[in-house]
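The structure under discussion appears below in the form of structure tokens.
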Amino acid sequence: MLKSLNLQDMRQKAYQALDQRARAITAGLGLNELRALMRGEPPTEKPNPRYKVHTTSFLFHIRPRYYEAGSTILTHTFRLGFFTSFFFFVELFTGLILMIYYTPSPEKAYESILNLLNNVPFGQMLRDIHRLGAEAMVIFTTLHMLRTFLTGSYKKERSFTWLTGVVLLGITMFLSFSGYLLPWDQLAYWAVTVGTSMAEAAPLFGNEINLLLRGAPDIAANGLLRFYLLHVVLLPLAAILVISIHYYKVSREHGISLPAYMEEGNVPPEVKKAARQRIDFIPDLLTTEVFLVSLGILLLVLGVTVFNYHAPLESVANPQVTPLDTKAPWYFWWLQGMLKLGDKILMGVILPTIVVLVLVGLPYIDRNPHRSLYKRPIAVALGVLSVLILVMLSYMGLPQYGIEMEPAQRIIQDMSPQEGAGPLQRLPFEELQLGSYQVNVNEPINMCPNLDFGCPAFEAFFRLYSDRVNQAIRKGDLPAETQAVVVIEDWQKDLRKITLRIVWPGEDGKSKSYERIVYLHANRGME
Amino acid sequence: MNRINLQILLGTIMVLATSVVVLFYGLNEEKRMAEAEEAQRGRAIEQGAALFEAQCSRCHGTQGTGIPGLCPPLNDRYFFDQRMKDVGWSGTLEDYIVATVSSGRLASTRPQLYPGQGTPAMPAFSDHFGGPLREDQIRTIAAFITNWSETAIAIEVPPTPSGPVVGTDITKELPEGDPAAGEALATTLGCVACHIAAPTGPVWLAKDGEPGVGSHAATRITQPDYTGKATTPEQYLFESIVNPNIFVVSGFASGVMPQSYANSLTDQDMANLIAYLLTLK
Ligand code: HEM
């Protein structure tokens with residue numbers, strides 16, 4: 001009995017027990033193997049247990065066993081598809097937590113965001129990351145599409161991958177768009193009103209689509225609930241499904257394409273061989289992915305802390321007041337720009353439909369068999385042109401472009417926008433010296449002799465304001481007698497009332513004026 | 001060092017860096033949340049100020065000073081220190097304001113002092129009861145009003161006039177008036193809210209070729225549609241103040257100007273007011 005209790009034997013047994021657990025958990029990798037993995041050494045057993053995982057584990061079965069060395073070159077994919085998926089998972093994770101605090105009703109939605117910001121530890125960070133991730137996902141999806149276009153990866157057998165990609169682009173935009181409404185502030189409400197009203201342009205069923213989305217002629221409780229359910233149930237489910245199909249095609253069927261110069265034309269055999277060399281998923285690709293994920297998380301966290309990205313929140317939605325300069329979310333500006341160019345039906349429905357059809361049919365329209373950039377000059381030129389047009393249209397979609405506003409109104413709106421913060425809102429409260437000032441008459445120098453450090457920001461504001469007015473006078477938009485006035489009154493404890501007024505003689509001799517009254521509280525904080 | 005090792009090393013460093021950033025962010029969370037709450041309150045007060053100006057100032061005065069004979073002040077010591085006890089309200093002042101503003105007041109609780117518009121003395125403002133404001137907007141107004149709490153201690157509004165009141169007999173012999181005292185009175189009584197600051201009533205100051213109230217006093221009584229009994233400018237002003245509905249200036253509604261001045265002003269007050277108004281040619 002005692003004899004059998006020797007130490008070596010016990011160690012062996014313990015090792016075996018642990019090894020077995022490890023194999024059960026990792027779907028086939030023993031302790032020895034794990035050790036080798038961490039050190040980047042070759043497999044310890046035969047057949048290669050690292051491949052076995054791909055058949056026995058559910059999570060790994062969708063991942064490829066290996067990629068070809070050529071397709072993992074950084075400048076070929078820029079890991080754009082990977083990062084798009086990364087952002088999607090970030091959105092899922094942060095979104096699930098945000099759901100705990102959010103109530104989808106017009107009475108409560110805005111309040112629940114305020115509560116998230118002032119009552120939930122890390123609430124603001126969570127919201128900022130969710131917003132940043134959403135914007136990044138739209139950007140990365142678009143760039144990823146552009147890269148697959150430029151590397152010609154949509155051709156032949158990969159045309160179905162491309163098609164599912166186009167569907168994903170749509171899902172991504174609508175995910176982002178439907179989330180836009182949820183905070184129920186003025187920005188959200190009017191951006192979505194503008195956005196859905198574009199659907200109205202569609203002939204025959206435009207009104208019906210609009211009604212279906214909004215749940216009523218105007219967005220209200222029904223519309224909010226619909227957007228919420230789209231955002232948290234339908235679209236994420238659709239995204240998961242289509243991403244799975246999209247990725248399955250890549251990982252299990254075609255692999256990622258090789259760069260064209262390794263595949264097409266006279267490629268030296270040794271290059272070809274090197275390109276086709278297998279890079280195993282476990283451990284090489286997996287390590288890289290974990291590495292990239294930690295990079296992505298670090299960048300997101302830095303973005304919302306050090307780089308100060310914050311999800312905007314304006315005042316609560318008010319269907320009765322359309323703020324000046326309302327605009328759709330930036331990824332729809334191109335559509336707004338197009339709508340300014342011409343007929344609502346042509347620009348808002350027919351052309352966008354054609355764009356989508358071209359995207360869907362691209363693999364069939366472009367019959368050129370080559371993938372190399374140099375062998376498809378027309379396709380590349382058209383692609384670059386489309387990007388330029390997209391940027392131009394987006395610029396034209398800005399509310400400042402092509403929509404005439406009275407010059408006085410434009411100036412005051414730029415100094416102190418109805419929503420969000422302008423130069424006026426950014427002034428430190430202490431510098432708002434009481435008084436009534438004629439802005440474009442006196443040079444703003446030494447305006448606050450009573451303040452220890454003067455009021456540089458206040459003076460800069462005056463300079464900016466008077467420059468704008470004088471510019472308008474020089475351009476002839478306003479008559480030379482125009483007076484710009486700022487009145488600052490003490491209104492309540494820590495509250496000042498500021499009146500911006502521009503007065504000018506009209507053509508009929510009567511004096512005309514435009515004014516805006518703003519109340520500023522000392523604690524309002526700055527965005 | 002091979003690539004895997006390098007990636008593991010860098011990955012670990014980045015995870016640590018992320019943790020450090022998140023940790024430091026977390027240490028600041030209490031402060032950040034407190035500041036966010038302050039900022040939200042600040043913004044609520046800003047919005048409340050604008051809404052108060054638009055909806056309430058015509059009765060309660062631009063600065064909440066109230067209008068004697070019409071509406072109570074909301075910025076004085078009585079309102080903040082005593083009113084809750086007097087009406088037996090057990091909730092907070094903020095709730096009292098929200099409740100009052102939401103449903104309005106059918107009848108004034110102090111009809112002699114603050115009759116308001118009559119019935120209702122104050123209209124309901126909540127959109128649930130047909131008013132123009134949403135619940136959250138009413139809350140911002142309440143935030144604005146309660147922000148007077150610190151300055152309210154210093155503000156004491158005498159509710160009742162001192163001395164015998166002037167009455168409605170416009171032929172009464174009045175003492176010598178002092179225009180400066182009249183001007184001060186017009187401000188404390190809240191006349192300026194309707195007559196100077198906002199054109200709820202006829203504008204007193206001469207503007208754009210239109211003469212001031214001092215000249216109108218002489219011309220109104222000669223108009224063919226004049227329905228009052230005054231024969232001199234002084235009497236016209238006297239009559240307009242104590243019995244505003246006997247003749248309503250065209251373009252204005254009858255019943256807007258408070259009708260209680262006959263019972264709240266003294267002879268001297270009336271003389272001072274008239275003297276002041278006559279200077280506004
Ligand atoms: C939610 C959005 C999307 C996700 C998560 C996603 C994910 C991926 C991933 C992970 C890959 C592997 C290769 C790489 O990392 O670049 C890939 C490849 C590919 N994607 Fe996407 N994708 C999305 C949208 C799109 C869109 C909008 C298109 C084009 C319309 C597209 C077309 C393709 C094509 C053609 C490939 C094959 C590339 C090759 O073999 O070189 N994808 N996608």
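A few remarks follow.
- Condition met for A:Ile129 (β-branched (Val, Ile, Thr), more than 8 Å from the ligand (Cβ to nearest atom) and within 14 Å of chain B (Cβ to nearest Cβ)): yes
- For the range A:69-126, a tally of residues being more than 10 Å from the ligand (Cβ to nearest atom), small (Gly, Ala, Ser) and away from chain B (no Cβ under 13 Å) returns 2.
- Some residue of the range A:134-143 being assigned by TED's automatic domain parsing to the domain that holds A:Lys375, over 24 Å from A:Arg252 (Cα atoms) and among the hydroxyl-bearing types (Ser, Thr, Tyr): no
- Residue ranges of helices (runs of 4 or more DSSP H) in the range B:125-220 with at least 3 members within 14 Å of another protein chain (Cβ to nearest Cβ): B:135-146, B:149-152
- Test set (1) out of contact with any helix residue (DSSP H, G or I) (no Cβ under 6 Å at 6 or more places or on another chain); (2) facing another protein chain (nearest Cβ under 9 Å); (3) surrounded by 16 or more Cβ atoms within 10 Å (Cβ to Cβ) - B:Cys56 fails condition number: (2)
- Test set (1) within 16 Å of the ligand (Cβ to nearest atom); (2) not in a helix (DSSP H, G or I) - A:Leu286 fails condition number: (2)
- Options A:Leu292, A:Leu300: the member that is among the hydrophobic types (A, V, I, L, M, F, W, C) and more than 15 Å from the ligand (Cβ to nearest atom): A:Leu300
- The residue that is farthest from the chain's Cα centre (by Cα), counting only those in the range B:2-21 that are of a type in the set (S, T, N, Q) and facing chain A (nearest Cβ under 7 Å), is B:Asn2.
- Residue match in the range A:345-355 (condition: away from chain B (no Cβ under 14 Å), within 13 Å of the ligand (Cβ to nearest atom) and either among the small types (Gly, Ala, Ser) or surrounded by fewer than 16 Cβ atoms within 10 Å (Cβ to Cβ) (or both)): yes
- Search result, residues across the range B:64-77 that are surrounded by 19 or more Cβ atoms within 10 Å (Cβ to Cβ) and out of contact with any strand residue (DSSP E or B) (no Cβ under 8 Å at 6 or more places or on another chain): B:Gly64, B:Thr65, B:Gly66, B:Ile67, B:Pro68, B:Gly69, B:Leu70, B:Pro72, B:Pro73, B:Leu74, B:Asn75, B:Asp76
- Any chance A:Leu168 is among the hydrophobic types (A, V, I, L, M, F, W, C) and either touching a strand residue (DSSP E or B) at 6+ places or on another chain (Cβ under 6 Å) or near the ligand (Cβ under 7 Å from one of its atoms) (or both): yes
- Matching entry among A:Glu41, A:Glu33 (being charged (D, E, K, R), free of Cβ contacts under 8 Å to residues at least 24 places away in the same chain and part of a helix (DSSP H, G or I)): A:Glu33
- Condition met for A:Gly223 (in a loop (DSSP other than H, G, I, E, B) and either within 14 Å of chain B (Cβ to nearest Cβ) or of a type outside the set (Asp, Glu) (or both)): no
- When restricted to residues that are part of a helix (DSSP H, G or I) and either buried (at least 17 other Cβ atoms within 10 Å of the Cβ) or over 17 Å from the mean Cα position of the chain (by Cα) (or both), the range B:78-93 contains 10.
- Screening A:Leu295 on (1) part of a helix (DSSP H, G or I); (2) farther than 19 Å from A:Ile73 by Cβ; (3) within 22 Å of the chain's Cα centre (by Cα) shows it passes everything except condition (2).
- Taking the listed residues A:Asp494, A:Asp477, the one that is surrounded by 14 or more Cβ atoms within 10 Å (Cβ to Cβ), at positive phi and of a type outside the set (Gly, Ala, Ser) is A:Asp494, with no other qualifying.
- If only residues of the range B:22-44 that are over 17 Å from A:Gln425 (Cβ atoms), out of contact with any helix residue (DSSP H, G or I) (no Cβ under 7 Å at 6 or more places or on another chain) and among the acidic types (Asp, Glu) are counted, the one that is farthest from the other protein chains (Cβ to nearest Cβ) is B:Glu30.
- Number of residues in the range A:505-527 that are assigned to a strand (DSSP E or B) and over 39 Å from the mean Cα position of the chain (by Cα) equals 4.
- Condition met for A:Gly170 (part of a helix (DSSP H, G or I) and buried (at least 20 other Cβ atoms within 10 Å of the Cβ)): no
- Residues that are outside any helix (DSSP H, G or I) and of a type in the set (Phe, Trp, Tyr), drawn from the range B:1-24: none
- Scanning the range A:264-279 for residues that are in contact (Cβ under 8 Å) with a residue 24 or more places away in the chain and either part of a helix (DSSP H, G or I) or surrounded by 18 or more Cβ atoms within 10 Å (Cβ to Cβ) (or both) yields a count of 3.
- Evaluation of A:Asp414 against the conditions (1) assigned by TED's automatic domain parsing to the domain that holds A:Ile502; (2) loosely packed, with under 15 Cβ neighbours inside 10 Å; (3) within 26 Å of A:Asp185 (Cα to Cα) shows that the sole unmet condition is (2).
- Test: A:Phe60 is away from chain B (no Cβ under 14 Å), within 30 Å of A:Leu117 (Cβ to Cβ) and either within 16 Å of the ligand (Cβ to nearest atom) or of a type in the set (D, E, K, R) (or both): no
- Selection of first residues in the range A:141-157 that are among the hydrophobic types (A, V, I, L, M, F, W, C) and of second residues that are part of a loop (DSSP other than H, G, I, E, B), restricted to Cβ pairs under 8 Å at least 6 apart or on distinct chains, gives the following pairs, ordered by first then second residue: A:Leu143/A:Phe78.
- Applying the criterion of being among the charged types (D, E, K, R) and in a loop (DSSP other than H, G, I, E, B) to the residues of the range A:474-504, the residue that is nearest to the other protein chains (Cβ to nearest Cβ) is A:Lys493.
Each row is one residue, and each column tells you yes or no for (1) at negative phi; (2) without any contact (Cβ under 8 Å) to a residue 24 or more places away in the chain; (3) within 16 Å of the ligand (Cβ to nearest atom); (4) within 14 Å of chain B (Cβ to nearest Cβ).
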| position | (1), (2), (3), (4) |
| --- | --- |
| A:Phe160 | yes, no, yes, no |
| A:Thr172 | yes, no, yes, no |
| A:Tyr180 | yes, no, no, no |
| A:Asp185 | yes, no, no, yes |
| A:Thr193 | yes, no, no, no |
| A:Phe205 | yes, yes, no, no |
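- Considering the range A:245-275, and only residues there that are among the polar types (S, T, N, Q) and near the ligand (Cβ under 10 Å from one of its atoms), the residue that is nearest to the other protein chains (Cβ to nearest Cβ) turns out to be A:Ser251.
The values are calculated or read from the model by the stated rules, or taken from the named source; none is laboratory data. The model shown is predicted, which means the values in this text are computed figures rather than measured ones. FYI the Cβ positions are ideal-geometry reconstructions off the backbone, even for glycines, and counts take in every protein chain you see.
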